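The values are calculated or read from the model by the stated rules, or taken from the named source; none is laboratory data. As the structure is a prediction and not an experimental result, all values here were calculated from the model. Counting neighbours? That spans all protein chains shown, and the Cβs are built from the backbone with ideal geometry, glycine included. Heavy atoms of the whole protein, side chains included, go into the accessibility calculation; ligands, DNA and RNA do not. Shrake-Rupley method; radii C 1.70, N 1.55, O 1.52, S 1.80 Å.
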Amino acid sequence: MRTIAIMSPKGGIAKTTSADTIAYILGEEKGKKVLLIDADPQGDTSKAYQRYDPEGEGLSGLLERHRYVGGGFDTSYFIEQTDYQNIDIITANGYLMQTDMRLRLEREKTQIERLRETLKEVDKQYDYCICDCGRLLDMVVINVLIAAEMVIAPVKLGGFENEAIYNLQEQLDDLCELNEKLHIKGIITMRQKNKTTLEFEQWMKEQSGFKMFKTPVRRSIVVEKASMAMKPLPAFSKNSVAVKDYRAIVEELLGE
Ligand SMILES: Nc1ncnc2c1ncn2[C@@H]1O[C@H](COP(=O)(O)OP(=O)(O)OP(=O)(O)O)[C@@H](O)[C@H]1O
Ligand SMILES: [Mg+2]
């Protein structure tokens, strides 16, 4: 199983859209077995996959009540099926903020290794584990980053947006000591076709020092509509330009 985190310290930059869409294309179009993890207390991925439950256990349960930490449950107990055959999910809700606080108060090393250790149980059952992170580097997201081999960071044109990926790199530098495999790869997102954007894209790819996916994701109103409909983008519209771009990104991912 390849575990990939979608993360950026910037809000509203297409983390959830990227996670949900990449998971969908891998699972439904490429026939891979996908475990989707919602690691954001907003629960947006859980909502898009119609599994949001404000009282549900999901990732909070996994991190707090698994056998590994003295609870009574296996990893599979916290995994739910979605409406899509190849995609299962571990959901999130607001309770994840309390999980973060509990993990903070924990003084054992397991506090940041819980996800990595509990996922070992399902390693053979899935090809990919895609984790949608919130924008804060809290203990839950640190658990994701210790379990992951790659961070996909959406980037969009704009001064603060560019800076976000450098901030992310700084945040990850410390974690790389604990997880040597971890590396960042950027996706240009919400790309519009104008000279400034194209120059930025070229700079990102050639001079920023970051590895980037070759394909940028174009801005499209269909993506907003899919979010409003609370559906994974390709399930809402198979042929939007943004879906085509994400398909090319998945090909890049599979070709690595
Ligand atoms: N390529 C795109 N074109 C147009 N709109 C987009 C595109 N990608 C994402 N959006 C829109 O931008 C908004 C934010 O996207 P999304 O929720 O995926 O971001 P996020 O980084 O997960 O946000 P948060 O920080 O709240 O978790 C949504 O309304 C979404 O529909
Ligand atoms: Mg999100």
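For segment 154-175, enumerate the residues that are surrounded by 14 or more Cβ atoms within 10 Å (Cβ to Cβ), part of a helix (DSSP H, G or I) and more than 16 Å from ligand 2 (Cβ to nearest atom).
Selection gives ASN162, ILE165, ASN167, GLN169, GLN171, LEU172, LEU175.
Collect the residues in segment 182-221 that are of a type outside the set (A, V, I, L, M, F, W, C), within 17 Å of the chain's Cα centre (by Cα) and either within 16 Å of ligand 2 (Cβ to nearest atom) or open to solvent by 100 Å² or more (accessible area, probe 1.4 Å) (or both), keeping them in residue-number order. Don't jump to the end; show me each part of the working.
Initially, segment 182-221 is screened for residues of a type outside the set (A, V, I, L, M, F, W, C), giving 183, 185-186, 189, 191-197, 199, 201-202, 205-209, 211, 214-216, 218-220.
From what is left, the residues that are within 17 Å of the chain's Cα centre (by Cα) are 183, 185-186, 189.
If the condition is that a residue be of a type outside the set (A, V, I, L, M, F, W, C), within 17 Å of the chain's Cα centre (by Cα) and either within 16 Å of ligand 2 (Cβ to nearest atom) or open to solvent by 100 Å² or more (accessible area, probe 1.4 Å) (or both), then THR189 is the only one that fits.
Among the candidates SER18, SER60, which residue alone is near ligand 2 (Cβ under 10 Å from one of its atoms), among the small types (Gly, Ala, Ser) and either under 17 Å from VAL144 (Cβ atoms) or open to solvent by less than 10 Å² (accessible area, probe 1.4 Å) (or both)? Let's see the steps before the verdict.
Details: SER60 fails: near ligand 2 (Cβ under 10 Å from one of its atoms).
Residue meeting the stated conditions: SER18.
Every residue in segment 226-249 that is more than 8 Å from ligand 1 (Cβ to nearest atom), free of Cβ contacts under 8 Å to residues at least 60 places away in the same chain and either polar (S, T, N, Q) or closer than 22 Å to ARG51 by Cα (or both), please.
Correct list: ALA229, PHE236, SER237, LYS238, ASN239, SER240.
Can you report the number of residues in segment 48-101 which are of a type outside the set (Asp, Glu) and outside any helix (DSSP H, G or I)?
At the first step, the residues of segment 48-101 found to be of a type outside the set (Asp, Glu) are 48-52, 54, 56, 58-63, 65-73, 75-79, 81-82, 84-87, 89-99, 101.
Restricting the remaining residues to those that are outside any helix (DSSP H, G or I) gives 49-52, 54, 56, 66, 70-73, 79, 81-82, 84-87, 89-95.
Of the residues in segment 48-101, 25 are of a type outside the set (Asp, Glu) and outside any helix (DSSP H, G or I).
Taking LEU105 as meeting all but one of (1) out of contact with any Leu (no Cβ under 9 Å at 6 or more places or on another chain); (2) modelled with pLDDT of 95 or more; (3) hydrophobic (A, V, I, L, M, F, W, C); (4) away from ligand 1 (no atom under 16 Å from the Cβ), write down the number of the exception.
Here LEU105 clears every test but (2).
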